[in-house]
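The values are calculated or read from the model by the stated rules, or taken from the named source; none is laboratory data. Just so we're clear, the structure is a prediction, and the values are computed from it rather than from any experiment. Here the Cβ positions follow ideal geometry from the backbone for every residue, glycine too, while neighbour counts run over all protein chains shown.
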Amino acid sequence: MDLHLHGKLALVSGSSKGIGFAIASGLAREGAHVIVNGRTQKSVDEALAKIRAAQANANVEGFAGDLSDPAQIDALVARFPAVDVLVNNLGIFDPKPFEDIPDSEWERFFNVNILSGVRLSRAYLPKMKQKNWGRVVFISSESGIQIPIEMIHYGVTKTAQLGLSRGLAETCAGTGVTVNAVLPGPTASDGVNEFVEKLSDGQSLKDFEKSFFETARPTSLLKRFASPEEVANLVVYVCSEASSATNGAALRVDGGVVRAAF
């Protein structure tokens, strides 16, 4: 299937590793011109080198900057005034008991996980509407539906992304611009190793994975961590011309963790 992404300019925030990197790689593979973002020049350069090594003809470039910082978003928009595809992937998570989460952590999570997408969407949506074509995707989580007790603050921000994406989709009614949320389940991204270290009590990754899906996520049908590429496959489709009738949706790629028939 030709997803008609050739020549489209796509920005993926937080894409130097993990799910974001897999999304950037997938979009480049489909012929999009992709802006890879990471907080440091080193991380961006390494990501670009990996994509180019895997795809000789990849059309990729980088922007190093923390996109939870409004000043860095201003610098990004000055360099790239318009994009065709915006994937709001930047996000943080940290398992911590609710009683130990101070206001400063709630504010940090809200700023990174929600306001970065608010600011980027506010910057790029108007020109998408003028052009009458565009794709905005928020990388939310199944944790936005089933709040995890081990990191409630993270789950709350992911719920907020669902409301944000639907609200923005409403503003695009009747246009060629779509806004959707994609909800991954537990995924073997780079950050999962730190997550495992905090919760595994010394278990190996294999043993932790088995016990995690038996106790913490027993409703999973996949019974394992998904790969970043498995998540990226859905995101790339949602960014494409082929997904034109998919709008205002919350699309699950959660391995069946959410037990619902809808």
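Just checking, how many residues over segment 156-173 are among the small types (Gly, Ala, Ser) and either in contact with a strand residue (DSSP E or B) (Cβ under 7 Å, 6 or more places away or on another chain) or not in a helix (DSSP H, G or I) (or both)?
3
Please give the helices (runs of 4 or more DSSP H) falling wholly within segment 47-145 in which 2 or more residues are out of contact with any Leu (no Cβ under 7 Å at 6 or more places or on another chain) and of a type in the set (Phe, Trp, Tyr).
Where helices (runs of 4 or more DSSP H) fall fully within segment 47-145 and carry at least 2 residues being out of contact with any Leu (no Cβ under 7 Å at 6 or more places or on another chain) and of a type in the set (Phe, Trp, Tyr), they are 103-110.
Return the pair list, or none, for Cβ contacts closer than 9 Å from residues in segment 219-240 that are surrounded by 22 or more Cβ atoms within 10 Å (Cβ to Cβ) to residues that are at pLDDT 95 or above and of a type in the set (Asp, Glu), at least 6 apart or on different chains.
From segment 219-240, the pairs are Val236/Glu30; Cys239/Glu30; Cys239/Asp84.
Would you point out the residue of segment 1-28, among those that are surrounded by fewer than 24 Cβ atoms within 10 Å (Cβ to Cβ) and over 20 Å from Ser189 (Cα atoms), that is modelled with the lowest pLDDT?
Taking the candidates together, the pick is Met1.
Which pairs turn up if I take residues in segment 63-74 that are under 14 Å from Lys42 (Cβ atoms) and at pLDDT 95 or above and look for partners that are part of a helix (DSSP H, G or I) and of a type in the set (Gly, Ala, Ser) with beta carbon separation below 7 Å, at least 6 apart in sequence or on another chain?
These pairs meet every condition: Gly65/Ala75.
Considering only residues that are touching a strand residue (DSSP E or B) at 6+ places or on another chain (Cβ under 6 Å) and either charged (D, E, K, R) or without any contact (Cβ under 8 Å) to a residue 60 or more places away in the chain (or both), which ones fall in segment 3-23?
If the condition is that a residue be touching a strand residue (DSSP E or B) at 6+ places or on another chain (Cβ under 6 Å) and either charged (D, E, K, R) or without any contact (Cβ under 8 Å) to a residue 60 or more places away in the chain (or both), then Lys8, Ser16 are the ones that fit.
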